Amino acid sequence: MNAPTSSAAPPKTVLIVDDVEDNRVLLDRALKSSGYVTIHAASGREALSMISRHMPDIVLLDWMMPGFSGLDTLRAIRETHPKTRLPVIMCTAMGEEMSVVTAINEGANDYMLKPISLAILRARMAAHLDQRDAIDSLASEKLHAERKLGERTREMLTAMSRDRDTPPPAANGASR
């Protein structure tokens, strides 16, 4: 798989949230070898702090953590960061259909069962990041078009104002 960045773009930052250090280390190694920058949190509350300080491009979030669960963390993330701005992939051993539905309904962009297939994880991350980048690009193009429209509207109103203040030219050979 290609690295997740072009030569002009900075590498994407992944926040890995899991209370089990071995899981964080495994994901860290795999993602760094694919060109990602990684930051870690061992709890949901630590993850929220990391997001406010470092604003990752994507979050890999374990569901089953003591205290503030992954689902609680997801809900808190969604209070300030919409799905289109900060993709969150829930990673858990809970494979029941209702768990998947709950995670998606609460704002997860995706759901992966443990043990995680690193190839599938990389592909899903790339898809979510590409989607986010496409949305950002469309928003930028829309803003540019709106600015251009505003400029053209001002130019047209200025021209109309000048035309209104200028009397029409006299017609040659007008009847007396």
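Since every read-out is calculated from the coordinates, none of them should be taken as a lab result. Note that the structure is predicted; figures quoted are calculated from it, not measured. Positions of Cβ are backbone-derived with ideal geometry, glycine not excepted, and every protein chain shown enters the neighbour counts.
Given an 8 Å cut-off on Cα distances and at least 6 residues of separation, report the relative contact order of the stretch 13-135 as a percent. Don't skip to the answer; put the middle values down first.
Details: 183 pairs, mean separation 27.6, N = 123.
For the stretch 13-135, the relative contact order is 22 percent.
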Note the full-extension length gain between Arg85 and Leu149 as 0.36 nm times their separation in residues minus their Cα-Cα distance, in nm to one decimal. 20.4 nm
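For Leu157 and Asp28, compute 0.36 nm times the residue count separating them, minus their Cα-Cα distance, and round to one decimal in nm.
On the way: separation 129, 0.36 × 129 = 46.44 nm, distance 5.74 nm.
Contour length minus Cα-Cα distance gives 40.7 nm.
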Where q = 0.12, 0.18 Å⁻¹, what log10 of I(q)/I(0) comes from the Debye formula for the chain, counting one point per Cα? -0.61, -1.14
What does the extension gain come out to for Ser52 and Ser117, with contour length at 0.36 nm per residue minus their alpha carbon separation? 20.5 nm
Provide the per-residue ³J(HN,Hα) series for the stretch 151-162, in order, calculated from phi with Karplus coefficients 6.51, -1.76, 1.60 and θ = phi - 60°, each as a whole number of Hz, with x at glycine and proline positions. 4, 5, 5, 4, 4, 5, 5, 5, 5, 5, 5, 5
Please compute the modelled spin-label separation between Arg45 and Glu97, points set 7 Å along Cα→Cβ, answer in nm with one decimal. 3.8
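So what is the orientation-averaged projected area of the stretch 27-125, using the convex hull of its C-alpha atoms, in nm²?
Details: hull surface 23.9 nm².
In nm², the orientation-averaged hull projection of the stretch 27-125 is 6.0.
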Before rounding to the nearest 500, sum -39500 (n - 2.57) across all DSSP H runs of length at least 4 in the chain and divide by the residue total; then give [θ] at 222 nm in deg cm²/dmol. -18000 deg cm²/dmol
